[in-house]
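Trainee: Have a look at the structure that comes next, please.
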Amino acid sequence: MIAGVILSAGESSRMGQPKALLPIGGQTFIEKIVGALREAGLQNIIVILGHDAEAMRQKMADLPVTLLINPDYRKGQLSSLQVAIRHLLANDRCSGLLVHLVDHPYIDAPLVNLLIQRFEDSGKLIAVPRFHGKRGHPVIFARSLFNELLKAPEDQGAKAVVNAHRDETLEIETEDAGITLDIDTPELYRQHVKGD
């Protein structure tokens, strides 16, 4: 069983408002992402909060997820991923985790299903989607890498673990451009979301 982890702890300083709560197609970014993961069959979904955590927790209270707070969110995404990993090691028997970023709202269940199926069939330690040669999100890590992720250097983040296991990384080609679409400024939001 794969657990889902959505990183949503940052300050959204370039966007000027919480990216998780931005509207997209009648719902919010976080609702769209959680919906896609649930549709793909993920039962255990963790959302990591940080900046303005209590207000964000209240706004996400109805989501079918576990909300965890990263008090060290200013240290970057790796610190949020580590909060999720510690929780999973203590509470869950998952075989791996699928990591997604809240500013990548264009995710759908068929892509998640494909990633999980190919990951499980391959026996590899990491699975990452690729669009026209560019890697994107979500990324799946096997449970056997959890301790490495907990010890990864802060300045390199999870990339250090990916780089250390190049031969054990499955790249999955997709025509889904959304895997690389990072909506983190008002300009990008207007360009890619307002017009959809």
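The values are calculated or read from the model by the stated rules, or taken from the named source; none is laboratory data. Source: prediction; values computed, not measured. As a convention, Cβ positions derive from the backbone with ideal geometry for all residues, glycine included, and neighbour counts pool all protein chains shown.
Trainee: Would you confirm whether any residue within segment 119-137 is surrounded by fewer than 20 Cβ atoms within 10 Å (Cβ to Cβ), part of a helix (DSSP H, G or I) and within 18 Å of the chain's Cα centre (by Cα)?
Mentor: The answer is no; no qualifying residue exists.
Trainee: I would also like to ask the following. G50: of a type in the set (G, A, S) and more than 22 Å from I179 (Cβ to Cβ), yes or no?
Mentor: In short, yes.
Residues are listed down the side, and each one gets a yes or a no for (1) at pLDDT 95 or above; (2) among the acidic types (D, E):
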residue	(1), (2)
S13	no, no
G26	no, no
K32	yes, no
D52	no, yes
R57	no, no
H100	yes, no
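Trainee: Does L98 meet the test of being touching an Asp or Glu at 6+ places or on another chain (Cβ under 7 Å), among the hydrophobic types (A, V, I, L, M, F, W, C), buried (at least 19 other Cβ atoms within 10 Å of the Cβ) and closer than 15 Å to I2 by Cβ?
Mentor: Taking the combined requirement at face value, the residue does not satisfy it.
Trainee: Right, another one. Evaluate the following for E11: is it surrounded by fewer than 21 Cβ atoms within 10 Å (Cβ to Cβ), among the acidic types (D, E) and not in a loop (DSSP other than H, G, I, E, B)?
Mentor: Spelling it out, it is not the case that E11 is surrounded by fewer than 21 Cβ atoms within 10 Å (Cβ to Cβ), among the acidic types (D, E) and not in a loop (DSSP other than H, G, I, E, B).
Trainee: When you check S144 against the structure, is it surrounded by 15 or more Cβ atoms within 10 Å (Cβ to Cβ), small (G, A, S) and either in contact with a strand residue (DSSP E or B) (Cβ under 9 Å, 6 or more places away or on another chain) or closer than 29 Å to L22 by Cβ (or both), yes or no?
Mentor: So S144 does not fit the description; no.
Trainee: What pairs come up if the first residue lies in segment 169-187 and is crowded, with 17+ Cβ neighbours inside 10 Å, the second is of a type in the set (S, T, Y) and modelled with pLDDT of 90 or more, and their beta carbons are under 6 Å apart, counting only those six or more places apart or on different chains?
Mentor: Cβ pairs passing all conditions: L170/S122; G178/Y106; L181/Y106; I183/Y189.
Trainee: To continue, here is another question. Could you list, in sequence order, all residues of segment 66-86 that are touching a strand residue (DSSP E or B) at 6+ places or on another chain (Cβ under 6 Å) and surrounded by fewer than 21 Cβ atoms within 10 Å (Cβ to Cβ)?
Mentor: T66, L67, L68, I69, Q77
Trainee: Could you list, in sequence order, all residues of segment 80-94 that are modelled with pLDDT under 95 and in contact with an Asp or Glu (Cβ under 9 Å, 6 or more places away or on another chain)?
Mentor: none
Trainee: Let me ask something additional. Mind counting the residues in segment 83-109 that are closer than 15 Å to I140 by Cβ and within 9 Å of the chain's Cα centre (by Cα)?
Mentor: Summing the residues that are closer than 15 Å to I140 by Cβ and within 9 Å of the chain's Cα centre (by Cα) in segment 83-109 gives 5.
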